[in-house]
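A short write-up of the structure that comes next.
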Amino acid sequence: AILADAGVAHLSLNAVFSGHGALGMLKTMGVAAVAANFVNNLPAFLVGLPFVTHRPDQLWALLIAVNMGPSLLITGTLASLLWHDTMATVGCRATARDLFRLGARVTLPAAIVAACSLVVLAPLYGGS
């Protein structure tokens, strides 16, 4: 809450997380995944959390996106940075491009399945 109030107070995040139904969840997922790639997944989650705590469908969309989205860029998660460091330590040459290619082949299809599942299952957990 403090991060959202101080760091991004000038942004209109209510508009980003105010959608309803399938389009609202997909919008939340898209914005959160992009944000997680550029600022890391934990800060992206902490900024979005105050806007979705009262809406289970949006909360699930945020959680899924900040955990799956950053698999495309090496800066997206601490795990990616540690993976890159470990690969270098054991003598394997792995580049950010390698991570992107692998992430695109694995994460994008998984994210599509997760988004579809979220939309289909939303009525079961109080979503729109």
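Based solely on its DSSP helices, what 222 nm [θ] is calculated for the chain when runs of n ≥ 4 H residues each add -39,500 (n - 2.57) and the sum is averaged over all residues, nearest 500 deg cm²/dmol?
Numbers: 7 runs with 92 residues, N = 128.
Value at 222 nm, helices only: -23000 deg cm²/dmol.
For Ser117 and Phe38, calculate 0.36 nm times their separation in residues minus their Cα-Cα distance, and state this gained length in nm to one decimal.
Length gained between Ser117 and Phe38: 25.9 nm.
Can you order the peptides 25-38, 42-55, 75-88 by their average number of other Cβ atoms within 10 Å per residue, highest first?
25-38, 42-55, 75-88
Quick one: putting +1 on the C-beta of Lys and Arg, -1 on the C-beta of Asp and Glu, what dipole do you get for the chain around its Cα centre, in Debye to the nearest 20?
The dipole of the chain has a size of about 300 debye.
Can you work out D for the chain in µm² s⁻¹ from Stokes-Einstein, where Rh is the Kirkwood radius over C-alpha pairs, the temperature is 20 °C and the viscosity is 1.002 mPa s?
Working: Rh = 15.2 Å.
The calculation lands on 141 µm²/s.
Coordinate-derived values only; no laboratory data. Quick caveat, the model's predicted, so the values are computed rather than measured. Glycine gets a Cβ as well: all are built from the backbone with ideal geometry, and neighbour counts include every protein chain shown.
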